[in-house]
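Quick notes on the structure that follows.
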Amino acid sequence: MAQVSSTPNIAGKGNVNPVRRSKWARLWHNNKYLWLLFLPCLLYFIIFRYLPMFGLIITFKDYNLFRGMWDSKWVGFKYYRMFLENPDFFLLMKNTFLLGLYKLVFGFPAPIILALLLNELKNAVFKRFVQTVSYLPHFISNVIVASMAIMFLSPSGGLINNIIVSLGFEPINFMMKPEMFRSVYVLSEIWQHIGWETIIYLAALTAVDPRLYEAASIDGASRMRKLWHVTLPGISPAIVITLILNIGKVLEIGFEKVFLMQNPAIYETADIISTYVYRVGMEQGNFSYGASIDLFMGIISLIFIYSANQISRKVSETSLW
């Protein structure tokens with residue numbers, strides 16, 4: 001007769017039942033190497049994005065550099081009221097919003113169109129060449145891009161004006177005309193980033209099932225029909241997600257390029273919120289006022305992205321959350 005052991009079966013430290021593990025423990029156990037790869041990115045956001053948020057307290061104080069953040073005098077919503085009552089408030093909002101809107105309307109479809117065109121190319125060597133050439137401007141510094149734009153548009157010796165003069169017209173001083181600034185800025189943004197942004201859509205195109213194209217060919221669909229009924233629906237989730245993110249950044253126009261390309265003669269259209277914050281915050285030393293404007297714009301951007309996400313959830317099955 002077999003003897004039954006009375007010794008209890010005690011699980012070792014490494015034999016914990018996976019079912020009893022918490023959700024976070026299972027997530028760590030199954031993806032620990034991915035978490036280690038993600039750690040530098042996480043530390044970056046904690047140190048440079050989240051910890052500085054404690055400094056937003058200065059938006060409610062009359063911050064004095066020598067007294068420090070905690071000993072400075074509380075002023076409540078003084079600086080928010082100051083910005084809303086500023087005579088330049090509507091001009092700054094208008095310039096920032098229109099610049100962001102034009103960039104969204106003309107800059108957002110550009111990489112999609114380029115990705116679709118590249119997808120139709122059959123010559124692999126030429127396709128790689130076009131991709132490489134279109135990617136390169138993304139890695140050029142904004143200082144260089146702004147300098148190139150100013151040089152090309154110079155009324156004396158600029159490439160664009162040389163072409164205009166050769167056609168029998170008078171040279172145009174683009175950088176001194178307020179009505180030209182938005183077009184120059186948006187075109188420079190498209191040229192600089194169109195190639196880099198196509199990466200998302202080219203990656204999405206690889207996920208489209210080739211059998212759908214075969215079925216469309218059997219049905220006699222033309223290239224345009226395949227594009228409209230197969231390709232675009234296949235990459236629509238990527239388009240919607242990037243559109244929502246871009247709507248949230250309508251008011252977050254890059255400071256560097258605008259600052260480098262603007263001059264007092266075109267402040268009428270080129271002076272935006274980020275350049276105004278630089279002047280009052282850094283040049284005039286009014287840190288509380290500058291921080292208040294930035295927080296105000298951040299709240300508006302949050303409203304934009306939340307509204308865009310809610311609309312997307314109602315009209316489609318794609319959303320950020």
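Of the residues Trp70, Trp24, Trp35, the single one that is outside any helix (DSSP H, G or I) and aromatic (Phe, Trp, Tyr) is Trp70. Pull up the range 252-287, narrow it to residues that are in contact with a Lys or Arg (Cβ under 8 Å, 6 or more places away or on another chain) and either closer than 16 Å to Gly100 by Cα or acidic (Asp, Glu) (or both), then point me to the one that is surrounded by the most Cβ atoms within 10 Å (Cβ to Cβ). Going through the qualifying residues, I end up with Ile253. When His229 is tested against (1) surrounded by 12 or more Cβ atoms within 10 Å (Cβ to Cβ); (2) within 29 Å of Phe255 (Cβ to Cβ), exactly one condition is not met: (2). For the criterion of being in contact (Cβ under 8 Å) with a residue 12 or more places away in the chain, out of contact with any Lys or Arg (no Cβ under 9 Å at 6 or more places or on another chain) and assigned by TED's automatic domain parsing to the domain that holds Tyr185, Thr242 passes. Selection within the range 269-285: residues that are touching a residue at least 40 places away in the same chain (Cβ under 8 Å) and either in a loop (DSSP other than H, G, I, E, B) or outside the structural domain of Tyr102 (by TED's automatic domain parsing) (or both). The member of this set that is nearest to Phe255 (Cα to Cα) is Ile272. Of everything listed in (1) crowded, with 17+ Cβ neighbours inside 10 Å; (2) part of a loop (DSSP other than H, G, I, E, B), the single unmet condition for Lys122 is (1). Scanning the range 209-224 for residues that are modelled with pLDDT of 90 or more, surrounded by 14 or more Cβ atoms within 10 Å (Cβ to Cβ) and of a type in the set (A, V, I, L, M, F, W, C) turns up nothing.
The values are calculated or read from the model by the stated rules, or taken from the named source; none is laboratory data. For clarity, every value in this text was computed on a predicted model and none was experimentally measured. Cβ sites come from the backbone with ideal geometry, for glycine too, and all protein chains shown count toward neighbours.
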